[in-house]
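Here the structure is laid out as structure tokens; the discussion comes afterwards.
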Amino acid sequence: QVRLVESGGGLVQPGGSLRLSCVAPADIFAISIMGWYRQAPGKERELVATITIGGRPDYADFVKGRFTISKDNAKNTVNLQMNGLKPEDTAVYYCNSISRDYGYWGQGTQVTVSS
């Protein structure tokens, strides 16, 4: 069973920062677009950011200028640096990989933004 393992969630005050990380199996990481999604209570899961095999990032409008997605090919890791966090960023954040034939999800990590 393919496992994407996320880490880095937690509780932070508004305006604060968190860094999420996701480790994928090397063979999956090498052929996949990696991404982060989030799901808030009572809402549908939504795309936050993606990064291509070649390292080109793309962002949802609501995180542009605040979040940065990056990847470390040597560690098979995709990161999401989140700055300027707002209460509306509170959600479970999921790592995702998509290749031509397969897609996988991590188990999710909770991010709570509250004073």
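The values are calculated or read from the model by the stated rules, or taken from the named source; none is laboratory data. None of the values given here were measured: they were computed from a predicted structure. Every residue, glycine as well, gets a Cβ built from its backbone with ideal geometry; the counts of neighbours run over all protein chains shown. Each accessible area value is taken on the protein alone, full model and side chains, heavy atoms only, with ligands, DNA and RNA left out. Shrake-Rupley method; radii C 1.70, N 1.55, O 1.52, S 1.80 Å.
Results, tabulated for the structure shown:
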item: Residues within segment 4-47 that are farther than 13 Å from Thr109 by Cα, open to solvent by 50 Å² or more (accessible area, probe 1.4 Å) and of a type in the set (S, T, N, Q), tallied; result: 2
item: Of all residues making up segment 1-49, the number that are within 24 Å of Ser114 (Cβ to Cβ) and either among the β-branched types (Val, Ile, Thr) or part of a helix (DSSP H, G or I) (or both); result: 2
item: Answer from Asp72, Asp61 - the residue that is at pLDDT 95 or above, among the acidic types (Asp, Glu) and open to solvent by less than 70 Å² (accessible area, probe 1.4 Å); result: Asp72
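Condition check ((1) among the aromatic types (Phe, Trp, Tyr); (2) touching a residue at least 12 places away in the same chain (Cβ under 8 Å); (3) farther than 20 Å from Val2 by Cβ) across all residues:
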| site | (1), (2), (3) |
| --- | --- |
| Ala30 | no, yes, no |
| Asp58 | no, no, yes |
| Lys64 | no, no, yes |
| Asn96 | no, yes, no |
| Gly103 | no, no, no |
